[in-house]
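Engineer: One structure, as structure tokens, below. Some questions next.
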């Protein structure tokens, strides 16, 4: 059976629970979708609200508190909300790519000044940035970089 573009589009939307709101629990939806993006603490809310009939954010809070769902860096090195069981098998699959994307190099602080800086200002900011990075990542190599404003 060959699908035309419209049928393929409808199948994709249906598979992603975007054609109509599904009547299923949050945990089941997260398993079905292999998670939803959750870069900010509440971005998952819109993703689930658009997909689930009768969605109640309190259900997600309960699942998080019970550690049945987690926010974790996964696909494309972005944060996703997934079932804890799925996180256990997904994370090892993306671990190497995540490490490469986040870099094996130094912890870097990029300073983008909005005003022109004198050399003395740059020196003081570099020193303060290095102090901050030492506090945040003790023992790791670090680097303070000034980017054009």
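The values are calculated or read from the model by the stated rules, or taken from the named source; none is laboratory data. Quick caveat: nothing in here was measured; it's all calculated off a predicted structure. Note that we place each Cβ from the backbone using ideal geometry, even for glycine, and neighbour counts take in every protein chain shown.
Here's the yes/no breakdown for (1) under 24 Å from residue 85 (Cβ atoms); (2) more than 18 Å from the chain's Cα centre (by Cα); (3) at pLDDT 95 or above:
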residue: 2; (1), (2), (3): no, yes, no
residue: 14; (1), (2), (3): no, yes, yes
residue: 30; (1), (2), (3): yes, no, yes
residue: 33; (1), (2), (3): yes, no, yes
residue: 41; (1), (2), (3): yes, no, no
residue: 59; (1), (2), (3): yes, yes, yes
residue: 67; (1), (2), (3): yes, no, no
residue: 70; (1), (2), (3): yes, no, no
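Engineer: Something else: For the structure I just gave you, tell me whether residue 79 is surrounded by 15 or more Cβ atoms within 10 Å (Cβ to Cβ), free of Cβ contacts under 8 Å to residues at least 40 places away in the same chain and within 15 Å of the chain's Cα centre (by Cα).
Structural biologist: On the way: surrounded by 15 or more Cβ atoms within 10 Å (Cβ to Cβ): yes; free of Cβ contacts under 8 Å to residues at least 40 places away in the same chain: no; within 15 Å of the chain's Cα centre (by Cα): yes.
No, not satisfied.
Engineer: Give segment 41-83 a look and list any residue that's out of contact with any helix residue (DSSP H, G or I) (no Cβ under 9 Å at 6 or more places or on another chain) and closer than 20 Å to residue 16 by Cα, or say none.
Structural biologist: Within segment 41-83, 43, 46, 50, 53, 54, 78 qualify.
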